[in-house]
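I have placed the structure first, in the form of structure tokens, so that the comments after it can refer back to it.
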């Protein structure tokens, strides 16, 4: 029983952390994890649930790393081009505007 509750708490923790709205728990998904854990309790093996927990954690960490090291993900095309040129030590040339003096 102790291992089942530990695995279930890990699953709930990871579900909360990787939710679309942070901190909000998806109740149907949590109920699904509970039924899977209950069915696997008889065999004493929680490999499927532990693999799902590892997968969710890996996906969340991957998303965090992408946001940290590739911050141009939600830029416009011009902003992305400007950020890329700055990254290699250059500046974008000023665009000619015939209206300006």
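The values are calculated or read from the model by the stated rules, or taken from the named source; none is laboratory data. None of the values given here were measured: they were computed from a predicted structure. Every residue, glycine as well, gets a Cβ built from its backbone with ideal geometry; the counts of neighbours run over all protein chains shown.
Please go through segment 45-67 and pick out each residue that is modelled with pLDDT under 85 and more than 30 Å from residue 3 (Cβ to Cβ). Within segment 45-67, just 67 meets the criteria. Considering segment 28-37, the residues that are without any contact (Cβ under 8 Å) to a residue 12 or more places away in the chain and either under 13 Å from residue 8 (Cα atoms) or touching a strand residue (DSSP E or B) at 6+ places or on another chain (Cβ under 7 Å) (or both) include one that is surrounded by the most Cβ atoms within 10 Å (Cβ to Cβ), namely 32. Scanning segment 66-101 for residues that are part of a helix (DSSP H, G or I), surrounded by 10 or more Cβ atoms within 10 Å (Cβ to Cβ), without any contact (Cβ under 8 Å) to a residue 12 or more places away in the chain and touching a helix residue (DSSP H, G or I) at 6+ places or on another chain (Cβ under 8 Å) yields 66, 67, 79, 80.
Of the residues making up segment 13-65, those that are outside any helix (DSSP H, G or I) and either on the phi > 0 side of the Ramachandran plot or more than 10 Å from the chain's Cα centre (by Cα) (or both) number 11. Sub-7 Å Cβ pairs linking a first residue in segment 45-65 that is touching a residue at least 40 places away in the same chain (Cβ under 8 Å) to a second residue that is surrounded by 12 or more Cβ atoms within 10 Å (Cβ to Cβ) and not in a helix (DSSP H, G or I), at least 6 apart or interchain, are 56/18; 59/18; 60/18, ordered by first then second residue.
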